[in-house]
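The values are calculated or read from the model by the stated rules, or taken from the named source; none is laboratory data. In this text, all values refer to a predicted model and were calculated from it rather than measured experimentally. We place every Cβ from the backbone using ideal geometry, glycine too, and count neighbours over all the protein chains shown. Only protein heavy atoms, including side chains, enter the accessible area calculation; ligands, DNA and RNA are left aside. Shrake-Rupley method; radii C 1.70, N 1.55, O 1.52, S 1.80 Å.
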Amino acid sequence: MSNLSRRAGRKAFKPIYLIYYRFLFGRRFPFADRLAARVRAFEAATGRGDTPLSKEAWEEQYQRGGWEFMRRLDEVARYSVIAAYLHHLKPGGSVLDVGSGEGLLADHLRPLGYSRFLGVDLSAAAIAQAAGRQDANTAFAAADAETYAPPERWDAIVFNECVYYFNDPVGTVRRYTAFLEEGGVFIVSTFRSHRADVIVKRL
């Protein structure tokens, strides 16, 4: 298939993509799995940055420094807001950071204090970069967040810019309710996209 044909096919599929996220995402109906697979293929082909990636892709991105931009000044506000929410809602509490990357949230939260902090990320390369942040109350683990079962319960569980990377975003977040202490909180941060917006609505 020529590049022109591929571009035309993607353009023709875009209205279906928009309808899928507006009305159908996360719902059961005939051929739902087949349509979801087509949408996933469209997203992969168009290079959208809000869809599931393989473990190998995450490893490659962290190894080549593809996420170093998260340390920039313009990312400080988001991390600071999450840390402030944690400090206000669960001061000094225990925090599970799902999709932690190299553990930058721990840097922002440490001055405010916490009893325990565990960062979990699919990428072993990201966790290796987080190793220098470990201390008596701070740890990191390489694991698939969609199947990971933390060994303890937590006062707060953070999903910072990661829910749209899950194959089953709503089901995965729901599964983590079993790992919250009574009265515990979820904190979810996402950017704006068709996929991210509908996930937030479903949550």
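Descriptive notes on the structure:
- Partner lysines whose Cα lies under 25 Å from the Cα of Lys14, excluding those fewer than 8 positions away in the same chain, are identified as Lys201.
- Mean separation of Cα contacts under 8 Å, 6 or more apart, over the residue count of the chain: relative contact order %: 20
- The phi torsions of the range 10-20, fed into the Karplus equation with coefficients 6.51, -1.76 and 1.60 and a -60° offset, translate into couplings of 5, 5, 5, 7, 4, x, 5, 4, 5, 5, 4 Hz, rounded to whole numbers, with Gly and Pro shown as x.
- Under the Karplus curve 6.51 cos²θ - 1.76 cosθ + 1.60, θ = phi - 60°, whole-Hz ³J(HN,Hα) for the range 189-203, x wherever Gly or Pro sits: 10, 9, 8, 8, 7, 4, 5, 5, 5, 6, 5, 4, 4, 5, 5
- Using the Stokes-Einstein relation with a Kirkwood hydrodynamic radius computed over Cα pairs, the translational diffusion coefficient of the range 39-80 at 37 °C and a viscosity of 0.692 mPa s comes to 271 µm²/s.
- Interchain or long-range residues, amide H under 5 Å from Val188's placed H: Phe159
- Partners for Lys11 among aspartates and glutamates (Cα-Cα distance below 20 Å; same-chain residues under 8 apart left out): Glu43, Asp50
- With the charge dipole of the range 88-203 set up from +1 on Lys and Arg Cβ and -1 on Asp and Glu Cβ about the Cα centre, the Cα lying farthest toward the positive end among the listed residues Asn137, Leu122, Pro91 is that of Pro91.
- Counting 0.36 nm for each residue step from Phe69 to Ala45 and taking away their Cα separation leaves a gain of 6.3 nm.
- Across the range 20-152, Cα-Cα distances exceeding 18 Å account for 63% of all pairs.
- Think of each Lys and Arg Cβ as +1 and each Asp and Glu Cβ as -1; about the Cα centre, that makes the dipole of the range 68-203 roughly 320 debye.
- Pair Glu60, Ala136: separation of 7 Å Cα→Cβ label points (nm): 4.3
- Solvent-accessible area per residue for the range 118-185 (1.4 angstrom probe, square angstrom): 42
- Annotation: for a label point projected 7 angstrom from Cα along Cα→Cβ of Ala178, residues of the range 128-152 with backbone N closer than 11 Å are 147-150.
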